[in-house]
Every structure is written in C-alpha cells, then in structure tokens.
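See below for the structure under consideration.
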Amino acid sequence: MARRKRRRQKKITFRITLSQAIVFGVVVFCLLSGIHLGFQGELGDSPTWDDWYAALGLSSTPASTNTVSEETQAVHFIDVGQADATLLQSGDEYCLVDAGEADSETDLLRYLDQQGITKLKLLVMSHPHADHIGSMKAVLEHVTVEQVLLPDFDKAPYPTTRTFERVMDTIEAQQIPTITAQTGQSFTIGEATLTVVADGVETENYNNLSQVLFYDAPGLTVLLSGDGEKEVEQAALEQGNVPKADVFKAAHHGSNTSNTRAFLQAISPRYVVVSCGKDNSYGHPHKEPMQRYQDIGAEVLRTDQDGSVVITATEAGLQYYTANAQSAAA
Ligand SMILES: [Zn+2]
C-alpha cells in the first residue's frame, strides 16, 4: 500500500517537472529566436514587447484599436525588393513616398495594415518608373489618401505606360487633389514638416524628375532623393538646398549614377539605407557609392539583407530595428 502511494507520488512529481520543462523550453526558445531573428536595436537596453512587434513589422496592437504613440517619429524603409517604398511617420500621421513594384503589392499592403494605417496625409510619386509606382494604384484603393505630390511632368516627355495611366486614372476617379512638386513647398505630417528642397531637372531620363525631399521631425531628419542622378544632386547643391540629415535613403538604390561625394558630404548622414533586391540584375548597391558611404562615416543598412528597416527617434537618440537582425549584424 505504502509502496503504491510512493510510486503515484513519484509519477505526479515527474509530470509536473516535465510540463515545467516544456514551458521553460518554449520561453527560452521564444526569447532566443526573438533575439537572433527579430530584433536589433542600436542601444544596449532590453527590448520591450512593442520593440518585438515593431521588429517583426507588426503593430503593437494587432487588434482593432490603434494606439500609436503621439510621440512616435519614424521612417520605415519597407522591404519591397528592387524598388522603393518609404513611410514617414509622425505620431499617427503618415506620408508614403513611392509604392514599390506591382509584385510587392501584397507585402506593401500587409505592412500598412500591420501598422494600423487607414489614411495617408500625403502620397508622393518620386518619378513614374514601375519600381516606384507599381503598387500605387493598389495603395490608393486600399487606404484613404488626402493628397498626392507628383513630379513636375513639364520637365520631361509625359509618361505613357499603362502602370502610370492606371495610377493617374485612380487619382482622378477618387478626386484626390494633386500637387506638382516645386522647390520650397512644404507639407505638415503630424509634428513634422516635409519640404521639397529641389524638384528635379529638365530631362529625358525619368530618374531625374525625382524630387529631393527633406523630412524634419522632432529628433529625426531624413533626406530622400528617389532615383535622382548626379544632375539632380548637382542642381540641389548649386541652389544651396542640401541640408544635413540623420538618415539618407541611398539615391537610385545605391547606384553609381548617383550618390556623388559632394552630395553625401553635404547631407553627412549617420545612416544610409539602401532599398534594393537580393541579387538584383543591376548590381545595386554599386561598390563605389558603398565606399563613399563608408568614407563619410555612415552606417549602412540594406533592405536586401536586413529586410524592412525602421529608424525611430527616442529620448536617448536614434534607434533602428530591422526585420532580419541576423544579417544586419553581419
Ligand atoms: Zn528605382
């Protein structure tokens, strides 16, 4: 009798130990996989649950209520392969600059959904190439867009591609106000200001219609120049309109047609983010601009290796998150 009782006790003890071990194992696995795959902050402090969500490209409140902090000042370089889609955020107001290729439509819309975005204060078309406007029609149909900033089409032959026409038809059908980029214009996004510091040059090459945009948010400044090539960079420099910025989106996916030394020196960014596709056929980013980013002391992040990159202002300075921290550490 006593023997049987002891045996039963033993069995119960073992069961508790096994379930405890399983729980412990799961917790350790989650933490380790989170550390290695989901998060890399620049600062040494331990990530909060919001950080984990942000690192995975998720809203901290995946349910219905959007509780984005009014203080959040961020730039999101969304991974859309060999293309561009840059999201500027100030509190709960957003501006999207370019909208990737058509084949990244699902990824782009999912990213906007995960951030809880239903409205864009401003949608910017840097220039009418497919890797910048491919999913723009889908974005216009998916969220409310208050206004659209277009490049100055008087500076080039008017685009005639079907992709471009579909975007323009959708803007017209939805009666969204459009504005043609002009140097000196500015737009308010939450607590931030987006200024057109240069508006492209007369050209046969659509890349050179790209505006140079300066985003000035509390604790965070960003410079974007689309696929603007050296002519755009030179014109902006000659006009004396290139401000210093914390973050620079590598011009033209890190191509050697752009990213001139003088332009980079004027911006002197702390971070350069290259938006490009893995093993892309253009060889972007080219080695010469990569060397120049290094020469000016900037840290380079790349969507082909790091996945989507988010840089935010914090009280302790800038902090960045990448969707794939393993590569970012390499
Ligand atoms: Zn491009």
So Thr160 and Ser186, fully extended at 0.36 nm per residue minus their Cα-Cα distance, gain in nm 6.5 nm
I'd like the distance between the alpha-carbon centres of the stretch 268-293 and the stretch 105-146, rounded to an integer number of Å.
24 Å
Under a crude label model (7 Å from the Cα following the beta-carbon direction), how far is Asn205 from Gln265 in nanometres?
2.2 nm
Under 14 Å from the Cα of Lys278 - aspartates and glutamates, other chains or at least 8 residues apart:
Asp79, Asp84, Asp304, Asp306
Give me the aspartates and glutamates in straight-line cross-link reach of Lys244: C-alpha distance below 15 Å, same-chain residues under 8 apart excluded.
Asp216, Glu233
Find out how many positive minus negative residues lie around Ala192, taking Lys and Arg as positive, Asp and Glu as negative, among other residues whose Cβ is under 9 Å from that of Ala192.
-3
Ranked highest first by average number of other Cβ atoms within 10 Å, how do 171-180, 188-197 line up?
188-197, 171-180
With a 27 Å threshold on alpha-carbon distance, the violating pairs from Lys249/Lys287; Lys121/Lys287; Lys119/Lys249 are Lys121/Lys287
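Where a number appears in this text, it was derived from the coordinates with a stated rule and is not lab data. Bear in mind that the values here come from a model prediction, so they are computed numbers and not experimental data. Ideal geometry is used to build each Cβ from the backbone, glycine not excepted, and the neighbour counts take in all protein chains shown.
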